[in-house]
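The values are calculated or read from the model by the stated rules, or taken from the named source; none is laboratory data. Just so we're clear, the structure is a prediction, and the values are computed from it rather than from any experiment. Quick reminder, even Gly has a Cβ in these numbers, built from the backbone with ideal geometry, and neighbours come from all protein chains shown.
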Amino acid sequence: MESRSWTRREFLRWTGVLAGVGTLSACVPSASVPMAEQAAPAATGGIKRGGALVHSYTSGLGTMDPQLTQSINHVFYDAVYNGLVRLELEDPQTGKFKVVGSLAESWEQPDAKTIIFNLRQGVKFHDGSDFDAEVAKWNFERQRDHPKSQRKSSLAFIESVDALDNHTLQIKSEKDNAALLSTLAFGAAGLVHIGSKAAVDEMGEEGITRHGVGTGPFRVKEWITDDRIVLERNPDYWEMGADDQPLPYLDEAVLRVIPDPTVSLVDMRAGSLHLMELVLPKDVETIEADPDLRIDALPWAGLNLFLVGYNTEKPPFDDVRVRMAANYGIDREGMAKALGFGAATGHHYPYYTEGTLGFDPTVERYEYNPDKVKALLAEAGYPDGIDIELLVIAREPEATIGEFAQQMWNAVGINTELKLLERVAWGELLQSTQDFEATFWRGQLWPSVDPEFARPVLGCGATSNWSFFCDPEIEDALNEGLTTSDPAKRGEIYSRMWRIVHEKAYVSGGYLIPSFVAYRKEVNGLSYNFQDPYLGNIWLA
């Protein structure tokens, strides 16, 4: 998608409805158009090469290894690596996406279990080694099988990956797979960013942690942990720009770590920063009013900013009545009004919304009800209330949201103490010790693209199932939905699944806003891989 500015009327319409979000195009061409041809300006004479773009994100990387990272959607990975395919926004008004090629020039699906990719030839990694089908096979198997892979559950369906020849890769699913192609194209699901096997053989996994080696438009120049990553132009990149010269247009991209978006906005208004993600709703009007700035709303990647999960393996939230009580203690409309700055709506569901396959508006919502909170707590054996610790990521807006949640729950007898941790430490605690009672995170509406993408957050033992539940009925629905090709039947299956998630109160929503990306007016050619800004086409006026 070429960047555009959204009016307040437009993004408020989206936040209230989000109808049709993420309807993945079923008609995929056998050959795909490279991103540069899709996103580059129609007039090529004005393109200016060179310069350094400065970008900001609220948290740094734990690793440059794209298959072991927790920061799956960081702009770094699409800048340094390519996948075989990716999602491209086809219609911003309906949120319709299509799958297009990257390292795969074309593909075919001879049956519901098999996809055969014809790979791009002559592509080299940043270390000079060749990209071919054997290297692609190694990457897929590593992401599927590595014990630290954050997306291994998304690729668990793969039965085999075979290099049929140097430039042909065959992937077979264990069973019929209605979401096979979209899973392999979507960054939050099973997209495999292809890295250099030769580099891992030479440097080891520890070396790749500090110096990623891909085939992307930029290569790593410098990494100052928790401060910045400096990327430089890959002089041997395979993709051509609109001026018939190799991409990227920029000489450098500097990815700064700025935990406070307010600080990023100050820097951007001063001219020392070009592009910032995760814009706070309170800053939208300021950006819109500044003639030097632009803002994009990405409603198809809406953020649920109080996606709350309960540790179902330890008291008190191992009791469904306590989880339900906590849900009834959330004033969602109050949160949206107090924290959303006119851009938010209360949201009663975790990973789905209107427009998601299987959404059922008849399911009873957890409306704010202090009397039900107290009754359920008493029924569960806590007539005097409960004391809990809420784990909070130490950045904005999470810190402010945590304080609001603390006040909400304190008022209804759920006495809440906040524990703040840096983002990486927060993730490590969840994955290792699981020593917490409740936490929350930003949740994007990824299952709105396809409900199969809920597997990493709802499946038994899934890497991002931070409530640690294992529900056989949910597991059965996920498996049945995946192997059912008829959309109507899939809708019935997922409707049953969403109801179970809701009624057993494993996870709940809070309030919803679009994702916002802001940038200076001199930034041209900005496009998105679903919600991630892509740096390969950007040029500075």
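The test for being assigned by TED's automatic domain parsing to the domain that holds Gly83, surrounded by 24 or more Cβ atoms within 10 Å (Cβ to Cβ) and outside any strand (DSSP E or B) does not hold for Ser149. Do you know which of the residues in the stretch 196-209 that are part of a helix (DSSP H, G or I) and either within 13 Å of Thr69 (Cβ to Cβ) or among the polar types (S, T, N, Q) (or both) is nearest to the chain's Cα centre (by Cα)? Filtering the stretch 196-209 for residues that are part of a helix (DSSP H, G or I) and either within 13 Å of Thr69 (Cβ to Cβ) or among the polar types (S, T, N, Q) (or both), the one nearest to the chain's Cα centre (by Cα) comes out as Thr209.
Evaluate the following for Ala253: is it hydrophobic (A, V, I, L, M, F, W, C), surrounded by 14 or more Cβ atoms within 10 Å (Cβ to Cβ) and more than 26 Å from the chain's Cα centre (by Cα)?
no
Residues that are within 18 Å of the chain's Cα centre (by Cα) and in a loop (DSSP other than H, G, I, E, B) were ranked within the stretch 49-65; the one that is farthest from Ser272 (Cα to Cα) is Asp65.
Going through Gly204, Gly214 one at a time, which residue ends up being in the same structural domain as Arg86 (by TED's automatic domain parsing) and at positive phi? Selected residue: Gly204, the only one of Gly204, Gly214 that is in the same structural domain as Arg86 (by TED's automatic domain parsing) and at positive phi. Name the single residue, out of those in the stretch 394-413 being of a type in the set (A, V, I, L, M, F, W, C) and outside any helix (DSSP H, G or I), that is surrounded by the most Cβ atoms within 10 Å (Cβ to Cβ). Per the stated criteria, the residue is Val412. Which ones in the stretch 286-342 are over 23 Å from the mean Cα position of the chain (by Cα), hydrophobic (A, V, I, L, M, F, W, C) and not assigned by TED's automatic domain parsing to the domain that holds Asp450? Within the stretch 286-342, Ile287, Ala289, Leu293 qualify.
Could you list all residues from the stretch 191-234 that are aliphatic (A, V, I, L, M) and surrounded by fewer than 22 Cβ atoms within 10 Å (Cβ to Cβ)?
In the first step, residues of the stretch 191-234 are kept if they are aliphatic (A, V, I, L, M); the result is 191-192, 194, 198-200, 203, 208, 213, 220, 224, 229-231.
Answer for the stretch 191-234, where residues must be aliphatic (A, V, I, L, M) and surrounded by fewer than 22 Cβ atoms within 10 Å (Cβ to Cβ): Ala198, Ala199, Val200, Met203, Ile208, Val220, Ile224, Val230.
Of all the criteria given as (1) closer than 30 Å to Pro487 by Cα; (2) at pLDDT below 90; (3) in contact with a strand residue (DSSP E or B) (Cβ under 6 Å, 6 or more places away or on another chain), the one not satisfied by Ala343 is (1).
Across the stretch 98-146, the qualifying residues are those that are charged (D, E, K, R) and assigned to a helix (DSSP H, G or I), and the one among them that is nearest to the chain's Cα centre (by Cα) is Arg144. Restricting attention to the stretch 159-177, and to residues there that are hydrophobic (A, V, I, L, M, F, W, C) and buried (at least 22 other Cβ atoms within 10 Å of the Cβ), which single residue is farthest from Ser485 (Cα to Cα)? Across the stretch 159-177, the extreme among qualifying residues is Leu169.
For the stretch 329-349, name all the residues that are part of a helix (DSSP H, G or I) and surrounded by 20 or more Cβ atoms within 10 Å (Cβ to Cβ). Give the derivation first.
Taking the stretch 329-349 first, the residues part of a helix (DSSP H, G or I) are 332-339.
Of everything in the stretch 329-349, those that are part of a helix (DSSP H, G or I) and surrounded by 20 or more Cβ atoms within 10 Å (Cβ to Cβ) turn out to be Arg332, Met335, Ala336, Leu339.
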